[in-house]
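Scroll down for the structure; my scribbles are underneath it.
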Amino acid sequence: MRVRLKDKDFELYIPRTRIDQEVSRLAAEMKEAGIGDRTVFVGVLKGAFMFFSDLMKHMPAGSRQEFVFARSYAGTQSTGRVEMQGLNTLALEGCDVILVEDIVDSGLTANYLAGQFQETGALRVRICAFLFKSEVYRGLREIDFVGIHIPNYFVVGYGLDYEEEGRCLPDIYRLLS
């Protein structure tokens, strides 16, 4: 199955059934690691909204959910800069925090946010990424919970976009060369 977004063609890469399996597995892994009622989950918008929602359906009712907005891509390339909004409204002092990302590639956004959370007094910050491009990761922090390891493909769907299109696709598609 293929989709066209603006001037680019994408092919089906990860079907929704696999996405559901991986979200359930990640949730079980988190619970085994002691994630509980006092955990604060911070979703990174816009991309993580679908994954975040699916993951939260498996988490304890007493956990708290927060959001920040981050952008580091223009088209299909990272800009090397992170634009951020919402950090100043988070109350994380004394909390265990799980940073929930749709995808981690270079690690610029995840590492920056995790550092900011620790500076505001979070007890422990762990990173959860639905997709992880380990071959291009340059961050210093461990990615604690990983859904699916992928090569350095440009992907859309399940919250991920190409120039703001494709986020609502329930499956994940990769760019055709």
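The values are calculated or read from the model by the stated rules, or taken from the named source; none is laboratory data. Being a predicted model, the structure only gives us computed values, none of them experimental. Virtual Cβ from ideal backbone geometry, glycine too; neighbours counted across all protein chains shown.
Some notes on this structure:
- Qualifying residue in segment 108-120 (condition: assigned to a loop (DSSP other than H, G, I, E, B) and either within 21 Å of residue 55 (Cβ to Cβ) or small (Gly, Ala, Ser) (or both)): no
- Within segment 155-177, tally of residues that are surrounded by fewer than 20 Cβ atoms within 10 Å (Cβ to Cβ), assigned to a loop (DSSP other than H, G, I, E, B) and touching a residue at least 24 places away in the same chain (Cβ under 8 Å): 6
- Among the residues of segment 127-149, those identified as without any contact (Cβ under 8 Å) to a residue 40 or more places away in the chain, within 24 Å of residue 8 (Cβ to Cβ), hydrophobic (A, V, I, L, M, F, W, C) and surrounded by 17 or more Cβ atoms within 10 Å (Cβ to Cβ) are 129, 132.
Here is a yes/no grid of residues against (1) surrounded by fewer than 17 Cβ atoms within 10 Å (Cβ to Cβ); (2) at pLDDT 95 or above:
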residue	(1), (2)
50	no, yes
67	no, no
77	yes, no
88	yes, no
108	no, no
115	yes, no
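- Every residue from segment 1-48 that is modelled with pLDDT under 95 and touching a Pro at 6+ places or on another chain (Cβ under 6 Å): 36, 37
- Selection of first residues in segment 1-28 that are free of Cβ contacts under 8 Å to residues at least 40 places away in the same chain and of second residues that are surrounded by fewer than 13 Cβ atoms within 10 Å (Cβ to Cβ) and of a type in the set (Lys, Arg), restricted to Cβ pairs under 9 Å at least 6 apart or on distinct chains, gives the following pairs, ordered by first then second residue: 27/57.
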